[in-house]
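Below: one structure, written as structure tokens.
The values are calculated or read from the model by the stated rules, or taken from the named source; none is laboratory data. Note that the structure is predicted; figures quoted are calculated from it, not measured. Here the Cβ positions follow ideal geometry from the backbone for every residue, glycine too, while neighbour counts run over all protein chains shown.
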Amino acid sequence: MISTPVAQDILKILSKNARLPAADMAKMLGVAVTVVEDTMRALEEAEVIVRYTTVVNEQKMPQMKRKIRALIEVGIRPERDRGFDDIARRIAQYPNVVAHYLISGAYDFLLIVEGDSLEEISSFVSDKLASTDNVRSTSTHFIMKKYKEKGILIGEQEVTERLAIMP
């Protein structure tokens, strides 16, 4: 039930609007409401759907305490016969790490880290991350402003025309 075309269509719809009622999805897909509900329940039980989240425009909530975010590239010495997975599990356990990816290029991991201050993130990098076995290097990039998240434009976006190139 979870690998059906209906399940895939439900996932596409939910990725754009997780609050859409099952009845509306059923109409869009031309199936019974019970099919949508049963499929969603199966997707949740199989942990295909892990959590429903919200994209927040923090600029519209100036009184809300904002987290400081950073992208951290991490170079790793893979463990013999175990590769990256054990190291990844150890790093992912830190509560500051909100996303963790294996990437190609000069670094091996890309982390998205949150903290209440620059100092908290700096301390995390120097005291915890850099001292983790098999971490050989880090490069930290603080996020200054969010323009787009999960495919959604954030804030006031002006449409600008391409500048003319003069000879």
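Listed here are the residues, each with its yes/no results for (1) within 29 Å of PHE109 (Cα to Cα); (2) of a type in the set (Asp, Glu); (3) assigned to a loop (DSSP other than H, G, I, E, B).
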| residue | (1), (2), (3) |
| --- | --- |
| GLU37 | no, yes, no |
| MET40 | no, no, no |
| LEU43 | yes, no, no |
| VAL48 | yes, no, yes |
| THR53 | yes, no, yes |
| VAL56 | yes, no, yes |
| PRO62 | no, no, yes |
| ILE72 | yes, no, no |
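For beta carbons closer than 8 Å, sequence separation of 6+ or different chains, a first residue in the stretch 97-112 that is touching a residue at least 40 places away in the same chain (Cβ under 8 Å) and a second that is small (Gly, Ala, Ser) and surrounded by 11 or more Cβ atoms within 10 Å (Cβ to Cβ), the qualifying pairs are LEU111/ALA99; ILE112/ALA70; ILE112/ALA99. Scanning the stretch 59-85 for residues that are exposed (fewer than 14 other Cβ atoms within 10 Å of the Cβ) and under 21 Å from ILE143 (Cβ atoms), we see that the one that is modelled with the highest pLDDT is ARG66.
For VAL125, indicate whether it is of a type in the set (A, V, I, L, M, F, W, C), touching a strand residue (DSSP E or B) at 6+ places or on another chain (Cβ under 7 Å), outside any helix (DSSP H, G or I) and over 30 Å from LYS16 (Cβ atoms). No; evaluated as a whole, the condition is false for this residue. In this structure, ARG89 qualifies as of a type in the set (D, E, K, R) and not in a loop (DSSP other than H, G, I, E, B).
Taken over the stretch 1-22, the criterion of being over 21 Å from the mean Cα position of the chain (by Cα), assigned to a helix (DSSP H, G or I) and loosely packed, with under 12 Cβ neighbours inside 10 Å is satisfied by PRO5 alone. Looking at (1) aromatic (Phe, Trp, Tyr); (2) in contact (Cβ under 8 Å) with a residue 24 or more places away in the chain; (3) under 30 Å from ILE13 (Cα atoms), find the lone condition where PHE124 falls short. All conditions are met except number (3). The residues listed here are VAL31, VAL35; of these, the one that is touching a residue at least 12 places away in the same chain (Cβ under 8 Å) and buried (at least 17 other Cβ atoms within 10 Å of the Cβ) is VAL35.
Criterion applied to ALA88, ALA99, ALA106 was being exposed (fewer than 13 other Cβ atoms within 10 Å of the Cβ), closer than 30 Å to LEU11 by Cβ and not hydroxyl-bearing (Ser, Thr, Tyr), and the one residue passing it is ALA99. Here LYS27, LYS67, LYS12 are screened, and the one residue that is under 30 Å from PRO95 (Cα atoms), charged (D, E, K, R) and not assigned by TED's automatic domain parsing to the domain that holds GLU120 is LYS12. For ILE72, the criteria (1) in contact with a Ser or Thr (Cβ under 6 Å, 6 or more places away or on another chain); (2) not assigned by TED's automatic domain parsing to the domain that holds ARG136 hold in every case but one, which is (2).
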